[in-house]
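The values are calculated or read from the model by the stated rules, or taken from the named source; none is laboratory data. Since this is a predicted model, take the numbers as computed values, not measurements. As a convention, Cβ positions derive from the backbone with ideal geometry for all residues, glycine included, and neighbour counts pool all protein chains shown. Each accessible area value is taken on the protein alone, full model and side chains, heavy atoms only, with ligands, DNA and RNA left out. Shrake-Rupley method; radii C 1.70, N 1.55, O 1.52, S 1.80 Å.
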Amino acid sequence: MTATQWTADTLLARYDEVRGHTERLAAPLSPEDQTVQSMPDVSPTKWHRAHVTWFFETFVLADNEAGFAPYQDQYWFLFNSYYEAVGPRYNRAERGVISRPGAHDVGVYRANVDDRMRELVAGLDQGTIDKLAGTIELGFHHEQQHQELLLMDIKHVFSLNPLRPVYAGSPAAQAEPDPLGWVDVDGGLVEIGHRGAEFSFDNELPLHQVYLEPFRIADRLVTNGEWLEFMADGGYRRPELWLSDGWAQVKGNGWQAPFYWTEVDGVWFEHTLHGTFPVNPGLPVSHVSHYEADAYATWAGKRLPTEAEWEHAVRTDTDDAAAQPTGNLADTETWHPRPAGPANGRLRQVYGDCWEWTSSAYLPYPGFHPAAGAIGEYNGKFMSNQMVLRGGCALTPPGHARASYRNFFPPGARWALSGLRLADGVSRLPSRLASLAPQDERSARTSTTEGAR
């Protein structure tokens, strides 16, 4: 909805819906579960619940509530994430050492802010609602981002527990990869970026033109079965397949397989939110870094799509359906990627299953300007040393995916639910493959036939 379409009733209904979903996601977790921080990139569940509450208190209540005072002075400091303009913040890597407030106290904080938000919005005239609705709606989408992160983070927490706790769900049936198909896409001058009156983040704007050469894009994501072929062909042992920084990560971190894979007596197992099971070959490979995705594409004799190619292909292939994303989003049965389903000559797995790495660095679109004030820190300050992902994943909440959505992570990140889709085009064989010695090139192309099948 646009800001002018919101009323007090619709704004409050959406507020309760989004806020309630966060609590439902946290409900299966004990207070102890919610306190653990298993690595610097992971935040405790209770911190996610508190931070999204802090957002509404800071950016809505502070400037609009009569006689405003923060719920608790130190919460202003503890639950600020990266908004330097708001004030000092607690060290991100040490969030897990804060035992208080506990999970219950965070719930009391949430209830307090919820009551104050309801009272505020219910008493506003329509003109003031129109002015504030954009910020409140941003808060909805901000909280949805943290709902996804909450699940990714607790997955990592549980992966380190020898008891192998289960969050929820059950595994999909065993499946084998189906033949990989290709969708041809015309090039030319195309429009990229958010269009229409619905919500978008500022990094999706402005709408602009990009020239693309004709290309083709795979009709589904790369699977676990294909990744096993890559591993068997020495994928993690062949430096010629890797970007230099990626090879340094392989050597420095001992990468041998995707993030949550473990080999036991010659069998690879994968940790998921529904438990730890033998790797299912028909599921999309997940929890791979951009470096791994790029190395696989090189091994397969293909490449990753640019973010402009991905968006144009989706809009071209799905027509008007791109405005209403459907797919394996918010999966509450497996909490995990699923098989692609039958081929139909069109793109599959566009939305859901795995965030898809692209070859595009996360940079501002031509004419981009961050918003004034602290809100302007939301996206623009991260436009360096990050790569763009597209599409959403099985943990992405309902209503939080669209063709123009730009997710971003550092190229070495593996804990996010990320996978890959291959692309190909005229004279675009990756330079590392093209520069191999003749005998190595023949070997690589033999692997390409098998890996991209």
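Let's see how each residue does on (1) modelled with pLDDT of 95 or more; (2) touching a helix residue (DSSP H, G or I) at 6+ places or on another chain (Cβ under 8 Å); (3) polar (S, T, N, Q):
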position	(1), (2), (3)
S289	yes, yes, yes
E292	yes, yes, no
A308	yes, no, no
G327	no, no, no
P339	yes, no, no
Y362	yes, yes, no
A372	no, no, no
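Residues checked against (1) of a type in the set (V, I, T); (2) more than 25 Å from A297 (Cα to Cα); (3) assigned to a loop (DSSP other than H, G, I, E, B):
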position	(1), (2), (3)
W357	no, no, no
L363	no, no, yes
P370	no, yes, yes
L389	no, no, no
C393	no, no, yes
P397	no, yes, yes
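Filter region 177-200 down to the residues that are open to solvent by 70 Å² or more (accessible area, probe 1.4 Å) and free of Cβ contacts under 8 Å to residues at least 60 places away in the same chain and list them by number. Of everything in region 177-200, those that are open to solvent by 70 Å² or more (accessible area, probe 1.4 Å) and free of Cβ contacts under 8 Å to residues at least 60 places away in the same chain turn out to be D184, L189, E191. Has region 10-26 got any residue that is within 15 Å of V157 (Cβ to Cβ) and not polar (S, T, N, Q)? Within region 10-26 (the criterion being within 15 Å of V157 (Cβ to Cβ) and not polar (S, T, N, Q)), the answer is yes, since at least one residue qualifies. Read through the list (1) acidic (D, E); (2) under 16 Å from S359 (Cβ atoms); (3) open to solvent by less than 20 Å² (accessible area, probe 1.4 Å), then give the number of the only condition that D245 fails. Result: D245 passes all but (3). For region 152-176, a residue qualifies if it is surrounded by fewer than 18 Cβ atoms within 10 Å (Cβ to Cβ) and among the hydroxyl-bearing types (S, T, Y), and exactly one does: S170. Answer yes if at least one residue in region 202-217 is modelled with pLDDT under 95 and aliphatic (A, V, I, L, M), and no otherwise. No: region 202-217 contains no residue that is modelled with pLDDT under 95 and aliphatic (A, V, I, L, M). Restricting attention to region 373-402, the residues being under 27 Å from R19 (Cβ atoms) and either among the hydrophobic types (A, V, I, L, M, F, W, C) or crowded, with 17+ Cβ neighbours inside 10 Å (or both) number 18. Kindly establish whether L25 is farther than 25 Å from G134 by Cα and either part of a helix (DSSP H, G or I) or open to solvent by less than 10 Å² (accessible area, probe 1.4 Å) (or both). Answer is yes for this residue. Within region 345-367, which residues are of a type in the set (A, V, I, L, M, F, W, C) and open to solvent by less than 30 Å² (accessible area, probe 1.4 Å)? L347, V350, C354, W355, W357, listed by residue number.
Only helices (runs of 4 or more DSSP H) whose full extent lies in region 186-305 are considered here, and the ones with at least 3 residues that are among the hydroxyl-bearing types (S, T, Y) are 290-299.
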